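The next block holds one structure in the form of structure tokens; read it before the comments.
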Amino acid sequence: MPQYFPEVKKIKYEGPKSKNPLAFKHYNPDEKVMGKKMRDHLRFAVCYWHSFKGMGADPFGPGTILRSYNQSDDPMKVAEETMQAAFEFFTKLGVEFWCFHDRDIAPEADKLAETNRRLDQIVALAKKLQNDTGVKLLWGTSNMFSHRRFMAGAGTNPSPAVFAYAASQVKKAMEVTKYLGGAGYVFWGGREGYDTLLNTDMGRELDHLACLLHMAVDYKKKIRFGGQFFIEPKPKEPTKHQYDFDAASCHAFLQKYDLVPHFKLNIEANHATLAGHTFLHDLEYALANGIFGSVDANRGDPLLGWDTDQFPTDLYDTIMGMYIILRGGGFKTGGLNFDAKVRRQSIDPVDLFHAHIGGMDAFARGLKAAARMLKDKPFEKFIRDRYKGWNTPFGKKIEKGRATFEQMEAYTLKNGEPRIQSGRQELLENILNEYID
Ligand code: XLS
Ligand code: CA
Ligand code: CA
């Protein structure tokens, strides 16, 4: 079998003192943290679309990156060689999982039947490579945003014929995800939004999106696909205003259409920041509402207002992110998918390794620091204390919904001005810094 990354050997853990750029300094897959192996806590996945199909194109110019596996004129040969290269990469990096869109792995043809045949051919190869290497599928998904037929959306398209096309595509993508043993299936609303209200019936579009998701729920039962469904919020790009704006608007949508029992959220860091939140805010929102599922691990650039999908390196985010995730009981069917791409100037194959090693080490440090914080509980103790008034009979009565305005007034007239207490933000930030080893 040809080697696509001959210059790189299997990436090993060498510890924090190592100066080898092609070694992990912090991610030691079999090391136990809180009684569980790091690999099982972190469930790292490589994303196919950025790492194997993204060639550095931006709105001002085409790709800059040339890879040995995409040089053929035959698109199916490119698809096969790319899949081989991807599994060589996954194995050398030592990740447990990968993720893909249907159209990343196999080229679309003129007719749906031929498109599906091509997909089956590449999926058969992926299945073989999964068996050979032990790398598993974290989730599959469908690309319903690149082809021109989807310019006005998929499930929210004004035309039922386009809706039907989208539904057929999801049907097939769910079948292949099941065949590959995927732990989940993601719905990201690529162009499910609008560019102008002048041509948009928003209420109807939302109803149609719910119809698509209900069909998927029914089909999941029918084919006995046991994976978890995820919705991935994003506020804008490609449409001006996407319906799945953030964790809270996805939650409202799921509640309105009785979909909560069937979906969890896949929170992408850079999408949360585009929505004017932090990554941590959307994680905490999902957790507080029982809908946290998985993470697309990346970061944006505060000076660029778009979805830059950079590899995660910010330790505050990885520490606090893992702290929130661990507090919620950790990943179950989800994981950390690197929905991130190397920069346009990072043109060498080795850059792909540096990028992933950095992201994996950053989350490994996050995991270890979060575990220490959970052991010491500096913030939990403070938060518990801050809300302790609610544990009194008076507080409990309000929480149980048994109190009235008249009782609140009587209490206030009797007790006068409430005692207030410091929020201690600076102290707490100093404590957090102590956990960055
Ligand atoms: C795009 C999204 C997309 C989803 C999967 O911004 O992040 O890649 O994760 O369709
Ligand atoms: Ca994503
Ligand atoms: Ca993104």
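Some points to look at:
- Here the Karplus curve 6.51 cos²θ - 1.76 cosθ + 1.60, taken at θ = phi - 60°, turns the phi angles of the range 345-354 into couplings of 8, 8, 8, 8, x, 5, 4, 4, 5, 4 Hz, with x standing for Gly and Pro.
- For the range 1-133: accessible area per residue (Å², 1.4 Å): 49
- With N counted as the residues of the range 1-126, its alpha-carbon radius of gyration over 2.2 N^0.38 Å works out to 1.26.
- Global geometry of the chain, whether rounded, prolate or oblate, following the gyration tensor of its Cα atoms and the 1.5 cut on a/c: oblate
- Listed residues Thr392, Thr239, Thr91, most fluctuating in the chain (Gaussian network, C-alpha, under 10 Å): Thr392
- Tilt relative to the chain, helix 405-415 - C-alpha long axis, 0 to 90 degrees, to 10: 60
- Distant-in-sequence amide contacts of Ile231, defined by a placed amide H-H separation under 5 Å and a gap of 5 or more residues or a different chain, comprise Phe187, Lys264, Leu265, Asn266.
- Taken as Cα centroids, the range 258-291 and the range 22-56 sit 21 Å apart, rounded to the nearest whole angstrom.
- FRET efficiency, Asp201 to Lys221 (Cβ-Cβ, R0 30 Å, nearest 0.05): 0.50
- Fraction of alpha-carbon pairs over 20 Å apart in the range 302-378 - percent: 40
- The modelled label-to-label distance between Asp437 and Arg384, using points 7 Å beyond Cα along the C-beta direction, is 2.6 nm.
- Choice from Lys128, Lys136, Lys25 with maximal GNM fluctuation in the chain (Cα, 10 Å cutoff): Lys128
- Accessible surface for the range 197-264, divided over its residues, is 51 Å² per residue with a 1.4 Å probe.
- Rounded to the nearest 10 degrees, the inclination of helix 75-93 to the longest alpha-carbon principal axis of the chain is 50 degrees.
- Long-range HN-HN contacts of Gly193 with modeled amide H, under 5 Å: Tyr243
- Three principal axis extents describe the C-alpha atoms of the range 238-287; from largest down they are 27, 26, 13 Å.
- For Lys234, the lysines whose Cα falls under 22 Å of its own Cα, not counting residues fewer than eight places away in the same chain, are Lys53, Lys256, Lys264, Lys341.
- For the pair the range 116-135 and the range 192-206, the centres of their Cα atoms are 38 angstrom apart.
- Among 114-124, 423-433, the order from most to least packed when residues are scored by Cβ within 10 Å on average: 114-124, 423-433
- Within the accessible area of the chain (1.4 Å probe), percent carbon and sulfur: 55
- The convex hull around the C-alpha trace of the range 235-321, projected and averaged over every direction, spans 5.7 square nanometres.
- Spin-label pair Leu427/Lys377, simplified geometry with 7 Å Cα→Cβ offset, distance in nm: 1.8
- With a Förster radius of 22 Å applied to the C-beta separation of His262 and Leu180, the computed FRET efficiency comes to 0.60.
- Dipole check for the chain: with +1 at the C-beta of Lys and Arg, -1 at the C-beta of Asp and Glu, and the Cα centre as origin, the magnitude is about 1520 Debye.
- With respect to the chain, whose longest principal axis is taken over its alpha-carbon atoms, helix 247-256 is tilted by about 90°.
- Put the Cα centre of the range 63-100 next to the Cα centre of the range 331-387 and the gap is 25 Å.
- Fully extending the segment from Lys128 to Lys10 would add 40.4 nm, taking 0.36 nm per residue of separation and subtracting the current Cα-Cα distance.
- All C-alpha pair distances within the range 6-46, sorted into 5 Å bins from zero, spread as 6, 22, 22, 26, 17, 6, 1, 0 percent across the bins.
The values are calculated or read from the model by the stated rules, or taken from the named source; none is laboratory data. Everything numeric in this text was worked out from a predicted model, so none of it was measured. Note that we place each Cβ from the backbone using ideal geometry, even for glycine, and neighbour counts take in every protein chain shown. The area values use the complete protein model at the heavy-atom level, side chains included, leaving out ligands, DNA and RNA. Shrake-Rupley method; radii C 1.70, N 1.55, O 1.52, S 1.80 Å.
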